Amino acid sequence: MRRLARSWLADLLAGAAFVLLALVVTWPLASDPVHRPVSWGDPVFQAWTLAWDVHAWRTDPLGVFDANIFYPYRNTLAYSDHLFGQALMVAPVLLSTENPILAHNVATWLALALSGLAMYALVLDLTGSRAAGLLAGLAYAAAAPRLAHLEHLHLLSAQWLPLGVLAARRALRQGSFRWAAVLGLVVVAQGLSGIYYFAFLGVLLAVVLGLGLLFERSRRALVGGAWSALACLVALIVLLPTLLPYWQVHQELGAERTPAEVAQWSARPADYLAVSPSHRLYGDFLGGRFHRHLEQDLFPGLLVGALALVGVTERRGGWARWALLVLLGVSVVFSFGISAHVLGRELPLPYRLLYEYVPGFKAIRVPARFGLLALVGLAALAGLGVARLAERLAPRRPVAALGSIALAAALLAEGLHAVAVGDPLPVTHAELQRPDYAWMLANPAPAIELPMGEGVVASAWPNYWSTFHWNPLVNGYSGITPPAYYAFRDRMRAFPSPETIALLQGIGVRTVAYHADPSRPPAEDPVLERIAAYPQLRQVIGGPNYVFTLEPNPWLWELAAAVPDGAPVDLPALERDPATFGMLAAILQRTGHRVYGRGQLDYWRLPGAPPAVCYAVLPLDVDPAQFGYPGARGVEQRGGLVLYERAGCPAR
């Protein structure tokens with residue numbers, strides 16, 4: 001019992017050490033975690049994501065994927081990682097403080113601490129050495145490529161990958177249903193925490209289980225492998241409700257990464273010498289020579305590489321060391337993307353097989369992130385190397401202790417970056433002092449904020465500000481942008497005009513928030529001057545952050561409602577008015593209709609309508625026969641558009 005108590009105490013101390021590590025590598029974040037995000041980039045977006053998850057679970061759990069951005073599109077939470085796993089961890093913070101910035105900072109610290117603790121557990125299981133586990137956990141959690149992604153919570157949350165190795169190895173060695181069940185839970189947890197690592201976990205398990213069965217060659221291993229396969233299958237079934245919205249987005253919008261985009265975000269061999277210019281030790285030297293983008297800063301450090309080489313010779317690792325080595329190599333090769341140019345010729349690379357044939361990989365934009373999967377193999381092998389060195393120094397305990405401290409300091413130095421946290425943000429209505437958002441909180445309705453942001457980062461702020469009111473917003477920012485968004489944004493530059501007001505009414509917007517330039521007198525603001533000519537707009541909050549209510553006339557929704565339930569709809573004239581037809585397509589999809597058309601809207605290439613499609617929407621001033629609908633009957637007319645029914649279609 002005493003031994004067990006000492007073991008638990010040691011593990012708790014290890015956990016505390018990794019929490020301290022998380023605070024150190026993110027300093028000065030802990031100086032004001034209530035108001036300061038890691039940066040004003042993705043952390044602001046991710047803070048909104050966490051807050052939305054918890055808000056939706058409390059108010060409309062079945063509608064959680066229909067987030068309040070990019071209205072009227074559906075499944076907008078699936079435009080990026082939903083972060084359910086992280087939201088579950090910090091839900092108590094959000095429920096007690098309603099502070100998304102604090103919740104995001106806590107999630108960041110937890111991600112780093114748990115990643116280190118998971119690697120500690122794996123190496124402890126392989127070697128029995130807590131010192132080796134601590135140093136491996138430090139190397140893994142504070143690796144330079146990981147800390148380069150300090151803005152990306154889903155990439156910091158790397159704890160489930162080492163636990164996948166641990167559970168799979170135990171399941172094979174023991175033929176254990178219990179460890180297979182643990183593996184299934186790991187798969188579920190990873191599926192709830194990040195799409196990239198969920199895909200990478202499949203590669204990891206293929207390597208570990210495949211090589212494990214090859215080396216074990218026993219009935220017990222076969223039983224463990226069968227249980228593991230069953231557990232993974234059950235895990236996938238459990239995750240289906242969270243995966244289907246991503247599949248629907250792919251089906252409805254054709255949202256996938258092109259080969260050119262994948263090539264742009266693939267690694268090169270020289271990237272494994274690259275660090276961010278903000279790296280404290282190597283930034284000036286390696287950062288100036290090899291840095292291209294933080295996504296391709298993949299230099300893991302000299303010391304961890306040397307320790308990993310020693311670890312390959314550590315027999316206590318058994319076949320797991322070879323699996324870790326193969327995982328390391330496979331990850332590096334996959335990080336190079338689908339092809340390489342050698343002597344002027346394009347040669348296909350193994351990742352092309354995943355891209356072309358494995359579901360989900362066409363959604364992956366950055367193959368270079370496989371370099372983060374390589375850290376699992378590298379850090380675990382480094383832990384084996386530490387265990388081997390510690391064993392040799394065991395008779396000289398003071399030397400071993402000093403050596404461990406020196407290794408920890410060196411590993412930390414090879415990972416540390418200078419962290420420049422963002423400026424403080426208001427996190428309560430009292431701090432914000434914004435009558436516009438207070439009014440929107442009291443009067444919920446679909447809304448738009450004008451002017452719409454130029455560029456993706458500028459567009460992210462309405463996500464965060466919406467946590468103060470949770471109104472559905474036309475604005476938004478995420479991993480992908482819906483195809484009609486930029487055409488719609490360009491149209492709104494003319495606001496107010498008869499066309500922009502009609503379009504806003506058509507999609508159901510009831511609230512218009514206009515953020516005027518505070519340095520310009522209201523009498524000189526051309527937008528305010530034009531608004532006075534439109535009685536559909538009624539001012540309810542004064543400037544500089546004005547709010548106007550918009551007279552309702554949801555004619556696009558009414559047009560969609562005239563289509564029989566579930567009937568597909570053709571939009572053959574989409575390119576004549578991309579903003580209007582694009583928004584109509586979003587409404588049709590949201591109400592359960594498959595959409596066809598001609599041409600392309602941003603990245604969305606509409607499929608051509610088969611002859612069996614009975615309904616089409618066309619402008620009032622065109623002959624439906626020109627678009628393949630001779631003799632079509634007009635069913636409904638709204639706002640200059642007509643819903644036609646093809647001649648000869650059965651009555652519905």
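The values are calculated or read from the model by the stated rules, or taken from the named source; none is laboratory data. Quick caveat: nothing in here was measured; it's all calculated off a predicted structure. Every residue, glycine among them, receives a Cβ derived from its backbone with ideal geometry; neighbour counts consider all protein chains shown. The accessibility values were calculated without ligands, DNA or RNA, using every heavy atom of the protein model including side chains. Shrake-Rupley method; radii C 1.70, N 1.55, O 1.52, S 1.80 Å.
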Starting from residues that are polar (S, T, N, Q) and under 13 Å from His417 (Cα atoms), keep the ones in the range 257-287 and report whichever is most open to solvent (accessible area, probe 1.4 Å).
-> Ser278
Candidate set: the range 43-72, residues that are open to solvent by 10 Å² or more (accessible area, probe 1.4 Å) and among the hydroxyl-bearing types (Ser, Thr, Tyr); chosen: the one farthest from Pro482 (Cα to Cα) | Thr59
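In the list Ala189, Ala171, which residue meets the criterion of being open to solvent by 10 Å² or more (accessible area, probe 1.4 Å), in contact with a helix residue (DSSP H, G or I) (Cβ under 6 Å, 6 or more places away or on another chain) and touching a residue at least 24 places away in the same chain (Cβ under 8 Å)? Show your work before the answer.
Values: Ala171 fails: open to solvent by 10 Å² or more (accessible area, probe 1.4 Å).
Only one candidate passes the filter, namely Ala189.
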Would the range 313-334 turn up any residue that is under 30 Å from Gln248 (Cβ atoms), within 26 Å of the chain's Cα centre (by Cα), open to solvent by 10 Å² or more (accessible area, probe 1.4 Å) and modelled with pLDDT of 95 or more?
-> yes
Got at least one residue in the range 376-398 being within 29 Å of Thr258 (Cβ to Cβ) and not assigned by the TED database to the domain that holds Tyr196?
-> yes
Any residue at all in the range 76-85 that is among the β-branched types (Val, Ile, Thr) and out of contact with any Ser or Thr (no Cβ under 8 Å at 6 or more places or on another chain)?
-> no
For residues that are of a type in the set (A, V, I, L, M), within 33 Å of the chain's Cα centre (by Cα) and outside any loop (DSSP other than H, G, I, E, B), tally how many sit in the range 490-530.
-> 6
Pairs under 6 Å by beta carbon, first residue over 29 Å from Asn553 (Cβ atoms) and part of a loop (DSSP other than H, G, I, E, B) in the range 625-652, partner open to solvent by less than 40 Å² (accessible area, probe 1.4 Å) and of a type in the set (A, V, I, L, M), six or more apart or different chains?
-> Ala647/Ala632
Spot the failing condition for Ala567; the list is (1) more than 18 Å from Gly254 (Cβ to Cβ); (2) open to solvent by 10 Å² or more (accessible area, probe 1.4 Å); (3) part of a loop (DSSP other than H, G, I, E, B), and only one is missed.
-> (2)
Can you confirm whether the range 208-231 contains a residue that is on the phi > 0 side of the Ramachandran plot and either acidic (Asp, Glu) or not in a helix (DSSP H, G or I) (or both)?
-> yes
Considering only the range 570-579, state which residues are farther than 14 Å from Tyr644 by Cα and open to solvent by less than 10 Å² (accessible area, probe 1.4 Å).
-> Leu574, Ala579
Determine which member of the set Ala612, Ala651, Ala616 is under 25 Å from Leu253 (Cα atoms), surrounded by fewer than 16 Cβ atoms within 10 Å (Cβ to Cβ), outside the structural domain of Met492 (by the TED database) and over 28 Å from the mean Cα position of the chain (by Cα).
-> Ala612
